[in-house]
Structure formats: structure tokens, C-alpha cells
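Computed from the coordinates by the stated procedures, all read-outs in this text should not be read as laboratory data. These figures come from a predicted structure and were not determined experimentally. Neighbour counts are summed over all protein chains in view; Cβ atoms, including those assigned to glycine, are modelled from backbone coordinates with ideal geometry.
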Amino acid sequence: MVSSQGSALGEQVSARAARPSEGKPAAPKSEGKPAARKPKGKPESRLAMVRRARRINRELADVYYYAHPELDFENPFQLLVATVLSAQTTDLRVNQTTPALFAAYPTPEDMAAAPPEELEELIRPTGFFRNKTKSLIGLSTALRDRFDGEVPGRLEDLVSLPGVGRKTAFVVLGNAFGFSTTASRSGSGGGAQLGSAYGFAT
């Protein structure tokens, strides 16, 4: 009897020892392999970075087209020219270029008659100088022939000038003529004045 009871007791002790302790999670088994690392993506190329920056710049320009420029100007014609030159370059570069440009060709009449090669050399630092030269001579000729040498204060007239799109026109209207371009979107205030500037009947 003693041996039988001792044998049964031994089996119970062995069974308890084989169970994991209650209330304590079992330690994870180490497989001996390091955790796999996520593969890193390829570094962005310079071309891809430039394209992405230009896309972001275009999207910001669509939203904040009425933003006050950092361009130096003394009259609407200078602002119009400076804004055309600012495409694909910095305002600082334009401000470094325009003093000599306006000293040589201060009016639309002067710029319309400028030799293209001389104008190209003056605006070369801003980049794309051949296309910009065509735009400057074209818009200056249009101002001379169609608007008596004055920059018009209407959106529909401004966008009819060579090299002038809506963004450039909004910059000129907002900063040279003082029209609130945000009001035209929100529909608040300045109805008659904005309607006249933008060519809308009010």
C-alpha cells in the first residue's frame, strides 16, 4: 500500500512540474534568426525631386495665386515684366536682373523696340531667356499698339497679352491695382469694382 500511494504521489508531482506556472506567460522560443528588416526604398533622384518640387509649386500657386510677391517694382509695367521673368526662377534673381533691364527699357515703347539679342543678354540670369524675350517684346508691343502704352486693369485684357496667364494677371491686379482677388472667389464685397476689373457685368 505504501509503495502504491508513493507511486501515485510521485506521478502528481511530476505532472505539476511539467505544467507552466499559472499567471506567467510562457517565454517565447528563440528560433535563432534575427528579425527581418523592411527593405528601404530607392533614394529619390535629383530629377524626381525637381519634378516633385515643381508640381508642389504649381499646386501652391493654384491655391495662393493672390499672394503678395517679393518682386521690386515701381509701376504696373515693371510688375508685369518682373512677374513674367519670375517663371522658373526666384524673386531674388529677378530683383537682381530688373534694375539694369528697366534702366535700358523703362517703358513698353522702349521694350517693344529692343533688339532681341540685347534683351536676351539682360535677362539671361532668369533662365529660359529666349522664350521670355519673345513674351516681353510681344506684351510690350501689344501695350504700345492696343493700350496706349498702359497696363490695363482688366483681367480679360491682361490675359490677352503674350506670355500673360491668369496667375500673372491676378498678381498684377492684386498688387499694382489693389483689387482683392480673394473677394471674387468668396463673392464678398467689391462687386462693382471687381466686376469691372475682371470684365464681368455686375
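Taken over the stretch 114-155, the criterion of being basic (Lys, Arg) and either part of a helix (DSSP H, G or I) or touching a residue at least 60 places away in the same chain (Cβ under 8 Å) (or both) is satisfied by Arg124, Arg130, Lys132, Lys134, Arg144, Arg146.
Restricting the stretch 92-104 to residues that are free of Cβ contacts under 8 Å to residues at least 24 places away in the same chain and in contact with a helix residue (DSSP H, G or I) (Cβ under 7 Å, 6 or more places away or on another chain), the residue that is surrounded by the most Cβ atoms within 10 Å (Cβ to Cβ) is Leu101.
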